[in-house]
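Structure record follows, encoded as structure tokens.
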Amino acid sequence: MTVTAEGVTNVEATKSGALEARAVSAWFGNHKVLENVNLFMPPQSVTALIGPSGCGKSTFLRILNRMHELVPIAQLSGEVLLDNEDIYAANVRATHTRARIGMVFQKPNPFPAMTIYENVLSGLKLTGTTVPNPDEVVETSLRQASLWNEVKDRLDSPGGALSGGQQQRLCIARSLAVQPDVLLMDEPCSALDPTSTRRVEETIHDIKQRVTVVIVTHNMQQAQRVSQQCAFFLAEENQPGYIVEAGLTTDIFGNPKDDRTNDYVNGRFG
Amino acid sequence: MVPSQVTTDVPRTLLRTPTRSDRIYRGLAIGTGLLTLVILALIGLNLLLQSRTAIQSQGLRFLTSNAWSPQQAEPSFGIKAVLYWTIIIAFIALAIAIPVSIACALYLTELAPRQLQKPLRSLVDLLAAIPSLIYGMWGLLYLQPHMIPFATWISTKLDFVPFLRVSRPSFSSSALIAGVVVSLMVIPICTSVIREVFSQTPQGEKEAALAMGATRWEMIRTVVLPFGRGGIIGGSMLGLGRALGETIAVALIISPIFVIRPSVVETGANSVASLIALRFGEADALQRSGLVAAGLALFGLTLVVNTIAAFVVARSRSGAGVDI
Ligand SMILES: Nc1ncnc2c1ncn2[C@@H]1O[C@H](COP(=O)(O)OP(=O)(O)O)[C@@H](O)[C@H]1O
Ligand SMILES: [Mg+2]
């Protein structure tokens, strides 16, 4: 089964957090890195983006929350619809979109000079949001990121003093504190130990009830464990990347339509 | 029974045999490092020796007296007022230069279009290459006539502020005008130090802030400024060192006075460096020695300032911020 835009949006129109890329292409200068990418990322589920390095997964992810345009030479075409509204429309502010669509990066990037507590609340502060119960927000967010038990006694120590895995979960907690509709994760576990990886996967499993998750991963087992949909990106030498095949994760891994998908998910190239 | 190995369980001394090039490099590095210190010490010693006559003649009064009359029958001179005005001018200069430099550095690293960044950077650096004499002449011939109406206006409107109150309506050759000119000379130095530190802000942290919906300004406030705090402090201290020692521009603009008064907009100011420049040629042995002693005091002051600056900049490279 292919998840079509119409099919799912009609059913889930009331839910917030449906993300859809329509005919997205991207360039860095004259170098075209993505061509005509169409993908629907349904709410309340996890979409995994897989594919070899350099095929444009990170670029695509950054297009989804308007981080792409921060690169001076970057350009794009097409549309990205969040709940059926184009996030690149003239009347939509990039800051507003980014506040609704959070992002977790490959390299953990907590604010080192801020305490753990301040790190969790930093998104609220940055967007000028005041909450009546900051302590509660901190605890809930850290619990969701399964970090609470490890740091509850030292919320005042700097965020930079945590281990890599803890830093990454702090970054997840920070993203969740602003209650985004969508969370984008770019290889969030590639720098983490197995235990932290498992924690992050549990977190993804827990939060998908409330947040649409899009995750880039090089780990096929991880893609199968955490995602419901999957998109396979590929780029031929010096050609822009595109989606070879997208659909239910069970289909991509169990019954791929394209031979290249079959080869990739079975570790035969890439 | 205790195994015999346990008795040998002491930290082992690791012997290193440095390679030849290592040794040469080490020697050179240590040598040049020491040489700087030796030169510094020799300069200090030389100043001390040459100022001995003056210090013997005046004793502690040299630091506590305002007047500068070494040519009288009963010579009496001290640098309290001169030091006071030196610091006032430097302070005015920094009060203008620090915010302007931070803004410049932010513009050059974060805001300016990429194609413009490099040429603008060179342009600001080029400002540092203009001889101070040119700044001084510009200040005297162009800035001063334009500053006087402003000084008049501000001192009448804000005459409840002691620094702006005047005893007579004479506004030329003031500490304010000298301070403004010195600030222009300090801005390029401050800007380039601050800019360097700003440009090292980790991209990841900047993106983290932006990805949460921060505006560019909020990102700067939360990430770039805290990261660059050491650079701001260090750059300012470096600028302070420069401002304290500025000679010719100040000498051209001020009309020397040897009293301490709060008003900075009124005619009259002073500085150690300009005092030396203006008096050295005509000075007899005693006054010469007195001028060297004034130079020694300035040397000590700038040394302390620059040491603090180096310390602060070195400590804050981690980006974790400094606790001052
Ligand atoms: N900032 C950039 N400037 C220029 N080219 C870039 C930039 N970022 C990525 N690219 C290029 O875009 C292509 C896709 O990169 P990326 O999206 O990072 O791939 P992936 O995440 O799938 O490994 C690559 O060819 C890469 O060289
Ligand atoms: Mg990538």
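None of the figures in this text is laboratory data; all of them are computed from the coordinates on show. None of these values were measured; they are calculated from a predicted model. Note that each Cβ is placed from the backbone with ideal geometry, even for glycine, and that neighbours are counted across all protein chains shown.
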Completion exercise
So, for the Cα atoms of the protein assembly as shown, Rg and Dmax in Å stand at 32.8, 109
Practice task
Taking the dipole about the Cα centre of chain B, with the C-beta of Lys and Arg at +1 and of Asp and Glu at -1, give me whichever of B:TRP85, B:PRO11, B:SER289 is farthest to the positive side.
Solution key: B:PRO11
Problem - Exercise: per-residue mean of other protein chain Cβ atoms within 10 Å, B:161-170 - result: 0
Practice task
Sort B:134-143, B:223-232, A:174-183 for me by packing, meaning the mean count of neighbouring Cβ atoms within 10 Å per residue, highest on top.
Solution key: A:174-183, B:223-232, B:134-143
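What is the sum of charges, Lys and Arg at +1 and Asp and Glu at -1, for the other residues whose Cβ falls under 11 Å from the Cβ of B:GLN117? Numbers along the way, then the final one.
Numbers: positive: B:ARG114, B:LYS118, B:ARG121, B:ARG195; negative: B:GLU110.
Combined, the nearby Lys, Arg, Asp and Glu give +3.
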Fill in the blank from the handout: Here the whole-number average of other chain Cβ atoms within 10 Å per Cβ of B:198-206 is 2
Exercise for the section: Tally the DSSP beta bridges in the protein assembly as shown and give the antiparallel ones as a percent, rounded to 5. Expected result: 55
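When 1/r is averaged over all different Cα pairs and the result inverted, which Kirkwood radius in Å belongs to region B:74-315? Walk me through the intermediate numbers first.
Details: mean 1/r = 0.0516 Å⁻¹.
Every distinct Cα pair counted, the radius reaches 19.4 Å.
Would you calculate, for chain B, the mean residue ellipticity at 222 nm contributed by helices, counting each DSSP H stretch of 4 or more residues as -39,500 (n - 2.57) and dividing by all residues, to the nearest 500? Before the final figure, lay out each step's value.
Details: 14 runs with 203 residues, N = 324.
Calculated at 222 nm, the ellipticity per residue is -20500 deg cm²/dmol.
Relative contact order (percent) for chain A, with alpha-carbon contacts under 8 angstrom and 6 or more residues of separation? Display every interim value, and only then the final one.
Working: 521 pairs, mean separation 71.9, N = 270.
Reported relative contact order: 27 percent.
What list do you get for A:CYS171, A:CYS189 if you sort them by fewest beta carbons within 10 Å? Working shown, then result.
Details: A:CYS171 29, A:CYS189 25.
Ranking A:CYS171, A:CYS189 by Cβ neighbours within 10 Å, fewest first, gives A:CYS189, A:CYS171.
Taking beta carbons within 10 Å but only from partner chains, what does the mean come to for residues A:61-72?
On the way: counts 0, 2, 0, 0, 4, 3, 3, 0, 0, 5, 0, 3.
Average per residue, whole number: 2.
How much space per residue, in cubic angstrom, does the convex hull of the C-alpha atoms of region A:26-126 take up? Intermediate values should be presented prior to the final figure.
On the way: hull volume 14.6 nm³, N = 101.
That works out to 145 Å³ per residue.
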Problem - Rg followed by Dmax, in Å, when region A:173-234 is reduced to its Cα trace - result: 11.5, 34
Exercise for the section: Mind telling me which of B:ASN66, B:ASN306, B:ASN46 comes out most flexible in a GNM of chain B, alpha-carbon contacts under 10 Å? Expected result: B:ASN46
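For a quick check: sort B:LEU34, B:LEU120, B:LEU83 by the number of other beta carbons within 10 angstrom, fewest at the front. Write out the running numbers ahead of the final one.
Numbers: B:LEU34 10, B:LEU120 15, B:LEU83 21.
Going from sparsest to densest Cβ surroundings: B:LEU34, B:LEU120, B:LEU83.
Do you know the relative contact order of region B:100-224, to the nearest whole percent, from alpha carbon pairs under 8 angstrom that are 6+ apart? Provide the component values of the computation, followed by the final result.
Values: 75 pairs, mean separation 45.9, N = 125.
Answer for region B:100-224 is 37 percent.
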Practice task
Could you work out how far helix B:175-198 tilts from the main Cα principal axis of chain B, as a 0 to 90 degree angle to the nearest 10?
Solution key: 10
Completion exercise
Around B:VAL272 (Cβ within 15 Å, Cβ-to-Cβ, excluding B:VAL272; K/R +1, D/E -1) the net charge comes to +3
Exercise for the section: Between B:SER183, B:SER274, B:SER132, find the one with the highest GNM mean-square fluctuation for chain B; connect C-alpha pairs within less than 10 Å. Expected result: B:SER132
Handout entry: Rg to Rh quotient for region B:2-134, alpha carbon positions, Kirkwood Rh
Key = 1.25
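How long are the semi-axes of the equivalent ellipsoid of region A:11-265, defined as square roots of 5 times the Cα gyration tensor eigenvalues? Whole Å, largest first. Mind dumping the intermediate values first?
Numbers: eigenvalues 176, 86, 59 Å².
After diagonalising the Cα gyration tensor, the semi-axes are 30, 21, 17 Å.
For B:TYR25, B:TYR107, what ranking results if the residue with the fewest other Cβ atoms within 10 Å of its Cβ goes first? Provide the component values of the computation, followed by the final result.
Numbers: B:TYR25 12, B:TYR107 16.
So the residues, fewest neighbours to most, are B:TYR25, B:TYR107.
To the nearest 500 deg cm²/dmol, what mean residue ellipticity at 222 nm is calculated for chain A from DSSP H runs of n ≥ 4 alone, each contributing -39,500 (n - 2.57), summed and divided by the residues? Don't jump to the answer; show the numbers that get you there.
On the way: 11 runs with 96 residues, N = 270.
The per-residue figure over chain A is -10000 deg cm²/dmol.
Normalised by the residues of region B:26-137, what does the relative contact order come to in percent, with Cα pairs under 8 Å and at least six apart? Intermediate values should be presented prior to the final figure.
Details: 45 pairs, mean separation 12.8, N = 112.
Here the relative contact order equals 11 percent.
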Practice task
Please give every one of the lysines within straight-line cross-link reach of A:LYS32, meaning a C-alpha to C-alpha distance under 23 Å, and leave out same-chain neighbours fewer than 8 residues apart.
Solution key: A:LYS57
Practice task
Could you work out which residue, out of B:PHE77, B:PHE258, B:PHE163, moves most in a Gaussian network model of chain B, that is, has the largest mean-square fluctuation with Cα springs under 10 Å?
Solution key: B:PHE163
Completion exercise
The helix A:134-144 Cα axis meets the longest alpha-carbon principal axis of chain A at an angle in degrees, between 0 and 90 and rounded to 10, of 50
Problem - Between helix B:80-106 and chain B: long-axis angle, C-alpha atoms, 0 to 90°, nearest 10 - result: 50
